[in-house]
Amino acid sequence: MSQQFTRKHITNTELLSMKTRGEKIVSLTAYDASFAHLLDKAGVDIILVGDSLGMVIQGQTSTIPVTIEEMAYHSKMVSRGIERALLVTDMPFMSYPNPRKAVESAAILMQQGHAHMVKLEGGQKILNSVEHIVNQGIPVCGHLGLLPQSVNQLGGYKVQGKEEEEANVMIEDAKCLQQAGASAIVVECVPAALAATMTATINIPIIGIGAGVDCDGQVLVSYDMLDITFGKRPKFSKNFMSEAANISDAVSAYVKAVKNKTFPANEHTF
Ligand code: KIV
């Protein structure tokens, strides 16, 4: 059997087992092969090709201008650096306005970008698209809370789910995504108590970013935690470079901190 067929990466069912046995899932973003290789070697479980590349790679002010071709390109580059990690690739703005287009876009990320799973922003409003993608055998990761692709509708990058009604809608959204066949959900910028409730209520892994320590796993934008920023680092991130000799050490420190639940601390939490 060729190397291609024998190569084994983390799967969606392994993520589920990690949730069941209480082992924290570690995720970081990458946009090229070299960084992906470094993260993979350091033990990062999920490498996310985030549409945050619009900001950190392209220098834009939001994720909105990022195209499906750009996502497929960066995903393909990242796939060349990975042996063990699960490769999740973001579906960019307007690549899933209806189920048909959503399936076409997901197929591009799987076939050209070599993604193992695709990530979409939203809850009940995008459920049809999620179902159609899952029905084609493509694993899906949901994304709730702060939805960067809807930043203009949300009125800025703000903590979501502070009001009870909003929190209840988010829990319902998570249940619907699970029901539609999603394999995991990223929850961004929500109060820690809400993320903890979602983690306890939902059977699929909840991966937090600015959502407290009780989530099943954590994800950060790698450039933020390596202190490569244009401006202010978000409150929920941490500079892992400050006590590290090099980038590999900083990533290993992050992996360890997530696994032993020392990151995120209270100061990174809403
Ligand atoms: O685009 C991205 O990097 C993301 C993370 C913030 C989760 O979606």
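Quick look at the values:
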read-out	value
Selected residue [at pLDDT 95 or above, open to solvent by less than 70 Å² (accessible area, probe 1.4 Å) and among the β-branched types (Val, Ile, Thr)] from Thr201, Thr229	Thr201
Any hit, the range 206-225, residues being touching a residue at least 12 places away in the same chain (Cβ under 8 Å), open to solvent by 60 Å² or more (accessible area, probe 1.4 Å), in contact with a helix residue (DSSP H, G or I) (Cβ under 9 Å, 6 or more places away or on another chain) and of a type in the set (Ser, Thr, Tyr)	no
Condition met for Gly145 (under 28 Å from Ala115 (Cα atoms), open to solvent by less than 30 Å² (accessible area, probe 1.4 Å) and not hydroxyl-bearing (Ser, Thr, Tyr))	yes
Any chance Phe270 is open to solvent by 50 Å² or more (accessible area, probe 1.4 Å), out of contact with any Ser or Thr (no Cβ under 7 Å at 6 or more places or on another chain), modelled with pLDDT under 95 and part of a loop (DSSP other than H, G, I, E, B)	no
Members of the range 232-250 found to be open to solvent by less than 20 Å² (accessible area, probe 1.4 Å) and either farther than 30 Å from Ser17 by Cα or within 14 Å of the ligand (Cβ to nearest atom) (or both), listed by number	Ser237
Output for the range 28-44, where each listed residue is free of Cβ contacts under 8 Å to residues at least 60 places away in the same chain and either in a helix (DSSP H, G or I) or hydroxyl-bearing (Ser, Thr, Tyr) (or both)	Tyr31, Ala33, Ser34, Ala36, His37, Asp40
Positions within the range 37-67 being among the aliphatic types (A, V, I, L, M) and within 14 Å of the ligand (Cβ to nearest atom), in sequence order	Leu39, Val44, Ile46, Ile47, Leu48, Val49, Leu53, Met55, Val56, Ile57, Ile64, Val66
Residues within the range 54-90 that are free of Cβ contacts under 8 Å to residues at least 40 places away in the same chain and not hydrophobic (A, V, I, L, M, F, W, C), tallied	9
Residues of the range 69-85 that turn out to be away from the ligand (no atom under 14 Å from the Cβ) and buried (at least 24 other Cβ atoms within 10 Å of the Cβ), as a count	1
Some residue of the range 97-112 being of a type in the set (Val, Ile, Thr) and within 16 Å of the ligand (Cβ to nearest atom)	no
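Residue by residue, here is whether (1) at pLDDT 95 or above; (2) of a type in the set (D, E, K, R); (3) open to solvent by 40 Å² or more (accessible area, probe 1.4 Å) holds:
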| site | (1), (2), (3) |
| --- | --- |
| Gln4 | no, no, yes |
| Thr13 | yes, no, yes |
| Lys19 | yes, yes, no |
| Ser27 | yes, no, no |
| Ala30 | yes, no, no |
| Ser34 | yes, no, yes |
| His37 | yes, no, yes |
| Gly43 | yes, no, no |
| Ile47 | yes, no, no |
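The values are calculated or read from the model by the stated rules, or taken from the named source; none is laboratory data. No experiment lies behind these values; they were computed from the predicted model shown. With ideal geometry, Cβ positions are generated from the backbone for all residues, glycine too; neighbour counts draw on all protein chains shown. The accessibility values were calculated without ligands, DNA or RNA, using every heavy atom of the protein model including side chains. Shrake-Rupley method; radii C 1.70, N 1.55, O 1.52, S 1.80 Å.
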